Structure formats: structure tokens, C-alpha cells
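For reference, the structure is listed below as C-alpha cells.
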Amino acid sequence: MLQILHNPRCGKSRACLAFVTESKQEFEIINYIEKPLSAKDLKNLLKKLNLKPIELVRQKESIWIENYKGKSLTDSDILNALAKHPILIERPIVIDGDKATIGRDIDKLKDFI
């Protein structure tokens, strides 16, 4: 069963959810804003995405700009920032077992599922 890390306030996340719903795939919605992922969960997610922590950050968010931009951060620092401020996580993320993708591009999502 697919899992979708979803932010209901995000248009791209809503579009991804609509696409997956139309695909008739079984899925579970995880509102990661209300139930933030731990740094450990994020580390596991990054392995599935095959990304580095900084690649998961929405670097134009004001929280990032005001608190983290331009600082020398370790991967652990970035994971802790993402856990503390889940709004910084790129979205939506679709997880299928041991693989995952950021579902902003519907064509890429089609290939994934």
C-alpha cells in the first residue's frame, strides 16, 4: 500500500492525492504537519528517496531563511530542523515499500506508481 506524506494546504500535494486516488491504488494519507516525522524517520525516508538531507528542504520557506540559511549545518542539524519544522519538508512524498519519490511532477509520479 502506498503512503502519501501530505500537506492539505499545498496545491501540489492535493494534485498528487487526486492523481493517486484516480489511479485506484490503495494508499494511506499521512499528514506530516500534524504528526511530524522524527529525525530517525526522516533519515530512513531519505534512504528511500536516495537524497541528501538538504535536498529535502524547502529552502525558500521563511523559517529556513530566518533560522538556517547560510549557516554551516551537518546532515544531523538539517534532519533536526526538518523534524522541528515539518513545513520545511518538500511535498508531497509518495512511499512504496523501500522506495519513495517527491510527487510534485505528475509525469514522474506516473512512472513511480
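Each reported figure results from applying straightforward, stated rules to the coordinates on display, with no laboratory input. In this text, all values refer to a predicted model and were calculated from it rather than measured experimentally. A quick note on method: Cβ atoms are made from the backbone with ideal geometry, for glycine too, and the neighbour counts reach across all protein chains shown.
Work out from phi, with θ = phi - 60° and the Karplus expression 6.51 cos²θ - 1.76 cosθ + 1.60, the ³J(HN,Hα) of each residue of the stretch 26-41, listed in order in whole Hz, and give x for Gly and Pro.
6, 8, 10, 8, 10, 7, 6, 6, 6, 10, x, 7, 6, 4, 5, 4
Can you list the HN-Hα couplings for the stretch 47-58, worked out from phi with the Karplus curve (6.51, -1.76, 1.60; θ = phi - 60°), rounded to whole Hz and with x for Gly and Pro?
5, 5, 7, 6, 10, 8, x, 5, 6, 8, 8, 7
May I ask you to evaluate 6.51 cos²θ - 1.76 cosθ + 1.60, the Karplus curve with θ = phi - 60°, for each residue of the stretch 78-91 and list the ³J(HN,Hα) values in order in whole Hz, giving x for glycine and proline?
Residue by residue, the stretch 78-91 yields 5, 4, 5, 5, 5, 5, 6, 10, x, 4, 6, 7, 3, 8 Hz.
If I take all pairs of Cα atoms in the stretch 34-88, what percentage of them are more than 18 Å from each other? Mind dumping the intermediate values first?
Working: 350 of 1485 pairs.
Value for the stretch 34-88: 24 percent of Cα pairs lie more than 18 Å apart.
I'd like the distance between the alpha-carbon centres of the stretch 2-40 and the stretch 80-113, rounded to an integer number of Å.
Between the Cα centres of the stretch 2-40 and the stretch 80-113 lies a distance of 8 Å.
How do ASP107, ASP75 rank when sorted from fewest to most other Cβ atoms within 10 Å of their own Cβ?
ASP107, ASP75
Just ILE65, ILE87, ILE95 to compare: in a GNM of the chain, with alpha carbon springs under 10 Å, which one fluctuates most?
Maximum among the listed residues: ILE65.
In what sequence do SER13, SER76 fall when counting other Cβ within 10 Å, fewest first? Kindly include the intermediate steps, with their values, before the conclusion.
Values: SER13 23, SER76 11.
So the ranking, lowest neighbour count to highest, is SER76, SER13.
Just one of (i) 45, 35, 24; (ii) 41, 28, 23; (iii) 43, 26, 25 is Cα extents along the principal axes in Å calculated from these coordinates, so which is it?
From the options (i) 45, 35, 24; (ii) 41, 28, 23; (iii) 43, 26, 25, the structure gives (iii).
Sort GLU55, GLU61 so the one with the fewest other Cβ atoms within 10 Å of its own Cβ comes first.
Details: GLU55 13, GLU61 16.
Exposure proxy ranking, most exposed first: GLU55, GLU61.
Once amide H atoms are placed 1.01 Å from N in the peptide plane, what residues at a sequence separation of 5 or more from ASN31, or on another chain, have their amide H within under 5 Å of its amide H?
Answer set, sorted by chain and number: HIS6.
If contacts are Cα pairs under 8 angstrom and at least 6 residues apart, what is the relative contact order of the chain in percent? Working shown, then result.
Numbers: 149 pairs, mean separation 40.3, N = 113.
Here the relative contact order equals 36 percent.
Taking the alpha-carbon distance from LYS110 and a cut-off under 16 Å, which aspartates and glutamates remain once sequence neighbours fewer than 8 residues away in the same chain are dropped?
Hits, sequence-local ones excluded: GLU22, GLU26, ASP96.
Please name which of ASN67, ASN31, LEU17 has its Cα lying farthest along the dipole of the chain towards the positive end, using unit charges on Cβ (Lys, Arg +1; Asp, Glu -1) and the Cα centre as origin.
Selected residue: ASN67.
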